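Structure, as structure tokens:
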Amino acid sequence: MGFRKDFLWGGAIAAHQAEGAWDVDGKGISIADVMTAGDNVTKTPRRITRGVLEGEDYPNHLGIDFYHHYKEDIALMAEMGFKAFRTSIAWTRIYPNGDDEEPNEAGLAFYDDMFDTCRQYGIEPVITLSHFEMPYHLAEKYNGFMDRRCIDFFVRYAKTCFARYKGKVKYWMTFNEINNQAEHVRMGAHHLVQEGAVLVNEGDDVEKLMYTSAHHELVASALAVKACHEIDPDAMIGCMIGMNGVYPASPDPHDVLNAQKAMLQKYYFVEVHARGHYSKGMLKKFERKGYDFIKPGDAEILAEGKVDYIGFSYYMSFATKFTGRFGDTYDFSEEDYVRNTYLKASDWGWQIDPIGLRWCLNWFNDRFELPMMIVENGFGAYDKKEEDGTVDDQYRIDYLKEHIKAMRDAVNYDGIDLMGYTMWAPIDIVSASTGEYDKRYGFIYVDYNNKHEGDMSRSRKKSFYWYQKVCQSNGEEL
Ligand code: BG6
């Protein structure tokens with residue numbers, strides 16, 4: 001009973017939310033660099049500007065300056081007993097414009113040193129190739145993944161990384177939360193920008209844009225998987241799915257079928273990654289809609305690029321009520337979801353559901369029978385730093401503890417093959433959805449806030465010492 005001996009306990013961040021140094025050492029502008037700050041209190045959403053504009057607040061330009069602090073930050077992670085550290089490579093440090101012929105040596109060298117630092121502490125880097133940070137130039141010149149040339153640019157970038165970091169990085173993932181774009185109606189078209197650098201113009205058929213660019217990404221991902229296997233047979237490469245299960249709001253069969261449709265809409269991506277082909281239901285849908293983006297040769301590429309494991313994030317669950325529109329044009333909007341009265345929610349409205357994590361692990365396992373890694377799970381909250389410098393974040397401990405218990409049950413009772421758990425995020429960083437500093441996830445407090453006050457100094461919260469015990473006891477002591 002219990003987690004495997006080599007279980008990868010750790011934490012996860014992403015380059016654009018932490019590194020800062022947005023224009024240092026030859027780095028190009030990424031799509032994260034043109035996203036403004038939002039605010040949960042005033043309900044101000046993030047905006048995407050056309051280029052970097054004077055007078056705008058772009059929090060990702062500074063991040064938490066991990067670019068200059070990574071040695072100190074990784075040392076703190078090692079102190080907690082991390083076995084794994086998940087982050088991403090900023091594509092724009094390696095290929096500043098995305099379509100450059102040659103990579104930027106300074107960018108490659110930065111990650112060499114970061115990965116070496118991890119390995120000195122016995123920490124395995126778990127690396128995402130594209131985490132909401134595609135080169136902005138690809139958006140402007142090609143409309144991102146709407147253009148098949150971006151498949152080649154991504155594959156060139158991926159191959160450069162596999163060759164350079166062979167032996168240093170054993171665990172890779174291709175596109176972070178590739179499936180978020182399926183929720184562009186509910187969450188906004190900016191998800192197409194975040195995921196595939198696709199800029200949406202007035203009058204565009206957004207659904208068609210989404211399926212087309214997502215298909216090109218799936219092809220790019222499969223080619224990268226194949227290249228990874230060829231370049232470094234000792235490495236494992238997975239997909240990364242944003243997993244938040246959808247329950248029926250009631251036993252009404254309409255709600256039950258509706259929930260099943262929602263799952264298909266949100267998670268068809270993993271079928272392609274794991275099985276190497278689309279489900280019949282999705283192909284039927286593309287046929288009915290007259291979509292012809294699947295070109296000769298694509299099916300073979302998808303079949304040859306099946307992932308080795310499923311990486312996924314889990315924060316919350318949803319419940320859906322039938323609103324009279326499942327069928328061809330099915331797409332989820334805010335009104336399709338209802339509040340689950342059995343669950344509490346965070347200050348950002350994210351419904352807290354530890355049992356849902358076990359449900360999701362089983363959902364994946366029933367269908368794909370692949371090893372899994374939970375590569376994000378965490379609690380964003382307003383923390384209060386006391387006069388004496390301490391932060392009592394018991395709510396974060398409670399959240400994580402219940403989720404780890406559910407995951408342990410899934411391993412012990414459901415036979416789930418779980419490789420690791422990299423919670424989000426071991427250190428406070430910029431929020432992806434709102435662009436805030438005040439939405440904190442860390443065990444390590446970073447002295448900086450939405451108003452740009454603070455000196456960026458790092459300190460240990462109460463949860464730091466709790467997670468240290470979890471890592472050191474291989475999940476026995478919660
Ligand atoms: C996931 C992303 O969606 O959730 C991360 O992969 C993100 O980049 C995390 O930070 C938490 O979301 P947020 O909006 O609270 O930062």
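The values are calculated or read from the model by the stated rules, or taken from the named source; none is laboratory data. Computed from a predicted model, the values in this text were never measured in an experiment. Counting neighbours? That spans all protein chains shown, and the Cβs are built from the backbone with ideal geometry, glycine included. Areas reflect the complete protein model, heavy atoms only, side chains present, ligands, DNA and RNA absent. Shrake-Rupley method; radii C 1.70, N 1.55, O 1.52, S 1.80 Å.
Is it fair to say D455 is without any contact (Cβ under 8 Å) to a residue 60 or more places away in the chain, over 14 Å from Q17 (Cβ atoms) and open to solvent by 10 Å² or more (accessible area, probe 1.4 Å)? The answer is yes for D455.
Quick check on my filter: what residues within region 24-33 are more than 10 Å from the ligand (Cβ to nearest atom) and either under 12 Å from G107 (Cβ atoms) or surrounded by 24 or more Cβ atoms within 10 Å (Cβ to Cβ) (or both)? The answer is V24, D25, G26, K27, G28, S30, I31. One residue is enough: does region 44-63 have a residue meeting the conditions in contact with a strand residue (DSSP E or B) (Cβ under 7 Å, 6 or more places away or on another chain), within 15 Å of the ligand (Cβ to nearest atom) and outside any loop (DSSP other than H, G, I, E, B)? Checked against the condition, which is being in contact with a strand residue (DSSP E or B) (Cβ under 7 Å, 6 or more places away or on another chain), within 15 Å of the ligand (Cβ to nearest atom) and outside any loop (DSSP other than H, G, I, E, B), region 44-63 yields at least one hit.
Residue by residue, here is whether (1) among the β-branched types (V, I, T); (2) open to solvent by less than 20 Å² (accessible area, probe 1.4 Å); (3) assigned to a helix (DSSP H, G or I); (4) under 25 Å from M373 (Cβ atoms) holds:
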{"site": "M240", "(1), (2), (3), (4)": "no, yes, no, yes"}
{"site": "L264", "(1), (2), (3), (4)": "no, no, yes, yes"}
{"site": "K295", "(1), (2), (3), (4)": "no, no, no, no"}
{"site": "A319", "(1), (2), (3), (4)": "no, yes, no, no"}
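Within the option set I355, I310, being open to solvent by 10 Å² or more (accessible area, probe 1.4 Å), not in a loop (DSSP other than H, G, I, E, B) and not aromatic (F, W, Y) holds for one residue only, I355.
Whether a residue is open to solvent by 10 Å² or more (accessible area, probe 1.4 Å), more than 9 Å from the ligand (Cβ to nearest atom), within 30 Å of W359 (Cα to Cα) and modelled with pLDDT of 95 or more was assessed, and D417 passes this test.
The single condition among (1) within 16 Å of the ligand (Cβ to nearest atom); (2) modelled with pLDDT under 95; (3) open to solvent by 10 Å² or more (accessible area, probe 1.4 Å) that D328 does not meet is (1). Residues of region 428-472 that are farther than 20 Å from G311 by Cβ and either within 13 Å of the ligand (Cβ to nearest atom) or within 15 Å of the chain's Cα centre (by Cα) (or both): D428, V430, S431, T434, G435, E436, Y437, D438, K439, R440, G442.
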